[in-house]
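A short worksheet on the structure shown next.
The values are calculated or read from the model by the stated rules, or taken from the named source; none is laboratory data. Everything numeric here is computed off the predicted structure, so don't read it as measured data. Reconstructed Cβ throughout: ideal geometry from the backbone, glycine too, with neighbour counts over all protein chains shown. The accessibility values were calculated without ligands, DNA or RNA, using every heavy atom of the protein model including side chains. Shrake-Rupley method; radii C 1.70, N 1.55, O 1.52, S 1.80 Å.
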Amino acid sequence: MTTLNSHNTNSPTAPQGKPQGAAAPGSVSNPPDTASGGDGSGDGTGDGTTCGCAGAAPSVDVTEGSTQPDAISPDLIECADGLARPPWAAANRMLQEYYDTEWGMPIRDEQGVYERLCLEAFQSGLSWALVLSKRDAFRHAFARFDPEKVANFCDQDIERLLENPKIIRNRAKIEAAIANAKATLSMREEGGLAALVWSFQPDSTPRPFTLEDIPKQTAESVALSKALKKRGCKFVGPVTAFALMEAIGMVDTHLVGSHRRGSSGVWA
């Protein structure tokens, strides 16, 4: 993996560790908004297939908000295909494909937003790579995240899910997914889940130059969290709400210089 370097070849190696802002969807876990106690089912955090990136190189000596046309985040890695990605997205092919094709692209339908709301809740205290590696199993176990079907899950279904080793077996999070399905149905009377979530889209989006520039939460994610909780949703603290906003394109937190920045069509 090669950290991109446009200017100062004598600067120190770019940081490769945990972001100080919002946790990346990859190897870094979001801090839990509430006590989770998830066991993670003892699985790894990816598919074990690397993306073929090269070794590390020096970082860029450019300040946040630089107007230089070639300013590139020092936290980006140039992969074998020549595209710049953050470290978490360069970890393996599963995460690389997710970063390139899904993360930050707009999702505006009810089922899509409900699925991401549930998966972000399951991530709480864990890593997104773990959740992503189990996404197909989650979809099978939760009726493709059809809120009408999940809302009808009973105690027997909860026990069935707790015995399923292919998903994250956490009772509180499973019960939250069911509660969120019921809340999703009730929100149809006021325009629906997707409309409510997108109503908290900020007037501007962050322009992070380094991983440390990415916030963990914002005023909008705090307000969104409160609105969802008021309507019966669970495991939707401000950090989880902001991760949802990132995932569905409400904000663009791709690092400056990433090939994905500005690609969603939401932010000109």
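A few notes on this one:
- Within the option set ALA227, ALA247, ALA243, being in contact with a helix residue (DSSP H, G or I) (Cβ under 8 Å, 6 or more places away or on another chain), open to solvent by less than 20 Å² (accessible area, probe 1.4 Å), over 22 Å from ILE72 (Cβ atoms) and without any contact (Cβ under 8 Å) to a residue 40 or more places away in the chain holds for one residue only, ALA227.
- Restricting attention to the stretch 177-207 and to residues that are in a loop (DSSP other than H, G, I, E, B) and within 14 Å of ASP109 (Cα to Cα), the residue that is least open to solvent (accessible area, probe 1.4 Å) turns out to be GLY192.
- Flag for LEU119 being in contact with a helix residue (DSSP H, G or I) (Cβ under 7 Å, 6 or more places away or on another chain), under 24 Å from ARG260 (Cα atoms) and not basic (Lys, Arg): yes
- Where a residue in the stretch 135-150 is over 23 Å from LEU95 (Cα atoms) and its partner, wherever it lies, is among the hydroxyl-bearing types (Ser, Thr, Tyr), with Cβ under 9 Å and at least six apart: ASP146/TYR114; PRO147/TYR114; PRO147/THR184; GLU148/THR184; VAL150/TYR114; VAL150/THR184
- Any hit, the stretch 148-167, residues being at pLDDT 95 or above, closer than 20 Å to VAL113 by Cβ and among the small types (Gly, Ala, Ser): yes
- Odd one out for PHE200 among (1) more than 30 Å from GLU97 (Cβ to Cβ); (2) in contact with a helix residue (DSSP H, G or I) (Cβ under 8 Å, 6 or more places away or on another chain): (1)
- Close Cβ contacts (under 7 Å, 6 or more residues apart or on different chains) running from residues in the stretch 106-131 that are open to solvent by 20 Å² or more (accessible area, probe 1.4 Å) to residues that are at pLDDT below 95 and not in a loop (DSSP other than H, G, I, E, B) comprise GLY125/SER29; LEU126/SER29; LEU126/GLY40.
- Residues of the stretch 250-260 that are crowded, with 19+ Cβ neighbours inside 10 Å, in contact with a Lys or Arg (Cβ under 9 Å, 6 or more places away or on another chain) and not polar (S, T, N, Q): ASP252, HIS254, LEU255, VAL256, ARG260.
- Out of THR218, THR210, one residue alone is in contact with an Asp or Glu (Cβ under 7 Å, 6 or more places away or on another chain) and buried (at least 18 other Cβ atoms within 10 Å of the Cβ). It is THR210.
- If you go through the stretch 198-222 and keep only what is without any contact (Cβ under 8 Å) to a residue 60 or more places away in the chain and of a type in the set (Ser, Thr, Tyr), you end up with SER199, SER204, THR218, SER221.
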